Amino acid sequence: MKTIAESILKLIGKSEEQIKAGLVGSSGNISVYPESVHKLGTSVVMMARDDEKRFIAVVADCEKNMPKGFEGDVVRLSDGGGLLTGPLSAANAAALRRYFPWCAPRSLRKERTTVGCGDRLGLATYGHLLAARQFKLSPVLAQQSMRELAMTDRTFRQVVDDAVFNVFRADYREGYGADGDHLKKMEDIDVALAAEMPMITLDLSEVMNASAGDWSAGKIEEAFAALPAADRERVASEDADKTFIVGSCEVKVDALTAKRCAVMYDAALAFALKVYEHLRAKRGDEFDLEVSIDETTSPTLPSHHLYIARELRRLGIEFSSLAPRFVGEFQKAVDYIGDVKEFDRQFVVHAQIAKTFGNYKVSVHSGSDKFSVYPTVGRETGGYLHLKTAGTSWLVAVEVIARCEPQLYRDMHKCALEHFNDMLKLYHITADLSRIPALDSLSDAELPGLMSMADARQLLHITYGPILTGGLRERFFKAMHKFENEYDEALKRHFEKHISLLGVPKK
Ligand SMILES: [Zn+2]
């Protein structure tokens, strides 16, 4: 690094562009990420890599001018200059956010199209950006649920910091989001807020009364009678036996449906109000609230979506997006399962409700690889949408390993098979392991093909936890470091396909 640093020191009075053009880009096993070279007063901050790791490097014209806040080892350069090299640590991420505020996540509430790019590895952001920056959209680069944090042994702070480093590496200044995904409790929301995550996806599945969806009329009447009088009067006068015109569609709400909605959702919406007020108090206008009711067993009926949207509005809750549970199945890692025509028919109504009652984004969860419904989703929302992807970037990594390091892939596959039944308790998928060819019957060249098979994709999709936190962890991350460019390029292709099919225009 010293050779590179000396070359920068000679250029330190020049412009950033001149420094980028003139520096020695690599020396021995070390190379600087070209887009990461940033001038800061009379020092230069950058990211670099060697055979084992990535790190932050700061070159200052004299040691006392070294910008404060970076941590690492300092060595002396010629003419009194100094070089600091430090890890991708919390302190160094904080220093980057301080000196380069565009590295920090921000609210995307004013942005039309947003795409959640879950990154379970902390390595996918650069590849995501290679795709995202070509299109008119804003990426939510950091996005994790509590379940994913536990499975990958990470914290919200680390998830955000990984995005910060990679945004810095990519010199991406257009703004990105960070989503504390599927949060159900105030204390979890507070952990996400403490990590400066501006987006909160509030999962109402545990506070809503989903089972009342199937209750008899008698049971609904009984539960409804127990609600506060003011709520009962409101439902009777404003919701029951009404027909709502939403765009080109009509949604009829009979008296029983209105009462059923009150029984199912009123308590959950009261909690949403509490969360909203908490977010406002903590972040002013700088947050994106998503309301999610997708983790339920039956699809969200248009009349229910409409009730929730009108109530959110009546309660004065400013929210950016809402995730209904759509008809059919949005299983992880595979295309839409179900009747595409029926999906299209119902999606039109959901999109119209969103436009009519608050103009919020319709959010599509487990949204990766749902290629057959993307055209409808893009068209009917006019691009006013949020798409969440999570595990698909992990599967792209698995495919890279299968291609570049077949023996490691074989070991990961075995680990996945061992833990499949345990993981099945956490994820709803319908993979049939008997359809996956035995590993021994496949040549190395055939291994990447497994990642084009739905059953194998789902097998590897849900077993990331045991693979990433067990005995294979070190070998896996070592390989990912080695094949960094392959991963970036594969992610770029994968996300280009997603975004193009949604009909998001190019810049
Ligand atoms: Zn979801």
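The values are calculated or read from the model by the stated rules, or taken from the named source; none is laboratory data. Keep in mind it's a predicted model, so treat the numbers as computed, not measured. Because the Cβ atoms are built from the backbone with ideal geometry, glycine has one as well, and the counts that use them run over all protein chains shown.
Does residue 98 count as part of a helix (DSSP H, G or I) and at pLDDT 95 or above?
yes
Among the residues of the range 24-54, write down those that are surrounded by 21 or more Cβ atoms within 10 Å (Cβ to Cβ), free of Cβ contacts under 8 Å to residues at least 40 places away in the same chain and within 24 Å of residue 482 (Cα to Cα).
Within the range 24-54, 32, 37, 46 qualify.
Mind listing whichever residues of the range 1-56 are of a type in the set (Gly, Ala, Ser) and not in a loop (DSSP other than H, G, I, E, B)?
If the condition is that a residue be of a type in the set (Gly, Ala, Ser) and not in a loop (DSSP other than H, G, I, E, B), then 5, 7, 21, 22, 26, 27, 31, 36, 43, 48 are the ones that fit.
Somewhere in the range 315-329, is a residue assigned by TED's automatic domain parsing to the domain that holds residue 363, in a helix (DSSP H, G or I) and either under 26 Å from the mean Cα position of the chain (by Cα) or modelled with pLDDT under 95 (or both)?
Checked against the condition, which is being assigned by TED's automatic domain parsing to the domain that holds residue 363, in a helix (DSSP H, G or I) and either under 26 Å from the mean Cα position of the chain (by Cα) or modelled with pLDDT under 95 (or both), the range 315-329 yields no hits at all.
Could you say which residue among 470, 465 is over 30 Å from residue 387 (Cβ atoms) and modelled with pLDDT under 95?
After applying the criteria, what remains is 470.
Search the range 106-118 for residues being crowded, with 24+ Cβ neighbours inside 10 Å and in a loop (DSSP other than H, G, I, E, B), and hand back the single one that is modelled with the highest pLDDT.
Here the residue is 108.
Taking the condition at pLDDT 95 or above, outside the structural domain of residue 347 (by TED's automatic domain parsing) and surrounded by fewer than 18 Cβ atoms within 10 Å (Cβ to Cβ), does residue 258 pass?
The answer is no for residue 258.
Any residue at all in the range 273-281 that's acidic (Asp, Glu) and in contact (Cβ under 8 Å) with a residue 12 or more places away in the chain?
Scanning the range 273-281, I find no residue that is acidic (Asp, Glu) and in contact (Cβ under 8 Å) with a residue 12 or more places away in the chain, so the answer is no.
Take the range 190-215 and flag every residue that is more than 16 Å from the ligand (Cβ to nearest atom), closer than 30 Å to residue 260 by Cβ and not aromatic (Phe, Trp, Tyr).
209, 211, 212, 213, 214
Can you name the strands (runs of 3 or more DSSP E) wholly within the range 242-297 that have at least 2 residues being within 16 Å of the ligand (Cβ to nearest atom) and either among the β-branched types (Val, Ile, Thr) or under 29 Å from residue 145 (Cβ atoms) (or both)?
By residue number, 288-292.
Looking only at residues in the range 134-161 that are within 13 Å of the chain's Cα centre (by Cα) and more than 16 Å from the ligand (Cβ to nearest atom), which one is surrounded by the most Cβ atoms within 10 Å (Cβ to Cβ)?
Ranking the candidates gives 142 first.
Could you grab me the full set of residues in the range 294-306 that are surrounded by 22 or more Cβ atoms within 10 Å (Cβ to Cβ) and touching a strand residue (DSSP E or B) at 6+ places or on another chain (Cβ under 7 Å)?
The answer is 294, 302, 306.
Examine the range 163-183 for a residue that is among the charged types (D, E, K, R), within 16 Å of the ligand (Cβ to nearest atom), more than 30 Å from residue 102 (Cβ to Cβ) and assigned by TED's automatic domain parsing to the domain that holds residue 147, and state whether such a residue exists.
The answer is no; no qualifying residue exists.
Just checking, which of 397, 479, 490 is touching a Cys at 6+ places or on another chain (Cβ under 8 Å) and within 24 Å of residue 131 (Cα to Cα)?
Answer to the selection: 479.
Would you say residue 220 is surrounded by 15 or more Cβ atoms within 10 Å (Cβ to Cβ), at pLDDT 95 or above and more than 24 Å from residue 318 (Cα to Cα)?
Here the answer is yes, as residue 220 does meet what is asked.
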